[in-house]
Amino acid sequence: MKVTEAVALPELIHDAAERGAGITVRSSTGPGREGRSEPAENCTQIDLSGIDRIININRDERVAIVEPGVTYQMLADAIEPHGLRVCHPLLPPAGKSVLASLIDREPQTIPKYHWDFTDPLLCAEVYFGTGERFRTGGAAGPGKTLEEQWSGGMFQKNPLGPAQTDLIKLVQASQGTMGIATWASVRLECKPEIRRGFVTAGSFARLAEFVSAITRRRLGDEIMLLDAAQAECLSSALNITAPALSGGEWLLAIVIGSLPFHPEESIAFQVTEATELAAAVGVELNGDETGFVRAITAAATAAGDWKRASLGEDFSQIYFLSTLNRAEQLVDVARKAWGASEPDSDICVASYVQPLNQGRTCHVEVTIQGRVSLDDGARKLAEAGAFFSRPSAATTPVAYERCPDTVRALRKVKDVLDPPHVLNPGRLFDDPRVEV
């Protein structure tokens, strides 16, 4: 069911509650990768992609307010004349909703602007399972409308509130089980005057040491670590040439940028310092001769889905949080779990490590060619220390069974925010496979 106005949601929620049915929402267009928004039995899927206004762009405050149907490309095009950019995941599909990506807490590629796991999401308007509308953070007021708040110098930038609550964290990563977001304010960043891409190859341990050194100094913009299979997948999908890697080597892709204040001097000292830090750990910082880094970071979106373009329709993926000093060990656990570590194995397992929170933690994403069962591998990863902060269908049981107190608390919160349990029922902590 396609909805073009958010004000229609309360009636749909009440109707579902009366029928004893459920509601799932979808904001992106095109095929999804995991089926999170696929309706369960006796559920109606509501399509919010038609609600697609960019409500406001404020250059001075570096903030925009977007509705669910706004894609990364739409937002990038709109803020380009203002000299702004939005932090985004690695090559999001063309139809990927900005709001859906932020609510799902997808990893951003610029760790120095990633202060908290909510970033760059700020405030949001949310409809709970009671049909009531609620605004989080600074958007809660004072001022009944956005226009009233703007006239009073408030620009929906403070995610904390009302008072000392932080309710956006209950909605974020809840996969629609706690509320339906109908707009969100997004923190933007100034667009660099100069951008230069660099690559370096080497052992994961040395590259991780280099990444730790540069993120501590807040050097670099986009920073990502790719194994050979991941680099090949990206180059195949984008029809570009990836830098050559020897056996077992990883690739570090990094962009160094400078703002429009003395840009030449800024880029020069950053490149000099990054080069010295690389040499100190035994790796060499090379220019982006093939254009690989420019291709995977310059655009806000890719034409289609790069994973489908390189691997076809049949692939499986698993992702989790870790720290840089443990990421390689967990990738090895994943490769062994799916048989890719055998000498004669032809199984393609691609790995991508994204530093987050200014380098304090990282997102690890493993993609396996073909449809495989993830259950056993997920348990092995959890035992090795992987933290599933955004559980998929395969990782939900292992993510929650170790935290029975958390499950009980979340179910109580669900009873408050969604008493009839109409919002995406049977997911996450309400999954029947999760036993307390």
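The values are calculated or read from the model by the stated rules, or taken from the named source; none is laboratory data. Keep in mind the model is a prediction, meaning the values are calculated, not measured. So basically every Cβ, Gly included, is an ideal-geometry build from the backbone, and we count neighbours across all protein chains shown.
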Q | Exclusive hit being outside any helix (DSSP H, G or I), surrounded by fewer than 18 Cβ atoms within 10 Å (Cβ to Cβ) and touching a strand residue (DSSP E or B) at 6+ places or on another chain (Cβ under 8 Å), set THR4, THR44, THR24 | A | THR44
Q) Are any residues in segment 174-207 of a type in the set (Gly, Ala, Ser) and surrounded by fewer than 18 Cβ atoms within 10 Å (Cβ to Cβ), and if so, which ones? A) SER203, ALA205
Q) Considering segment 87-100 alone, what residues qualify as being farther than 20 Å from ARG294 by Cβ and surrounded by fewer than 23 Cβ atoms within 10 Å (Cβ to Cβ)? A) GLY95
Q) Does VAL283 satisfy the criteria of being under 18 Å from LEU225 (Cα atoms), modelled with pLDDT of 90 or more and not assigned by TED's automatic domain parsing to the domain that holds GLN108? A) yes
Q: Run down ARG326, ARG335 and say which single residue is charged (D, E, K, R), out of contact with any helix residue (DSSP H, G or I) (no Cβ under 7 Å at 6 or more places or on another chain), modelled with pLDDT of 90 or more and surrounded by 20 or more Cβ atoms within 10 Å (Cβ to Cβ).
A: ARG335
Q) From the residues in segment 138-173 that are among the aliphatic types (A, V, I, L, M) and touching a Leu at 6+ places or on another chain (Cβ under 8 Å), which one is surrounded by the most Cβ atoms within 10 Å (Cβ to Cβ)? A) ALA139
Q) in the same structural domain as THR177 (by TED's automatic domain parsing), out of contact with any Gly (no Cβ under 6 Å at 6 or more places or on another chain), of a type outside the set (D, E, K, R) and more than 28 Å from ARG360 (Cα to Cα): does that describe ILE54? A) yes
Q. Can you pull out the helices (runs of 4 or more DSSP H) entirely within segment 208-308 that have at least 3 residues that are surrounded by fewer than 21 Cβ atoms within 10 Å (Cβ to Cβ)?
A. 228-238, 263-280
Q.
Just checking, does segment 73-86 include any residue being buried (at least 20 other Cβ atoms within 10 Å of the Cβ), assigned by TED's automatic domain parsing to the domain that holds LEU12, within 22 Å of THR4 (Cβ to Cβ) and at pLDDT 95 or above?
A. yes
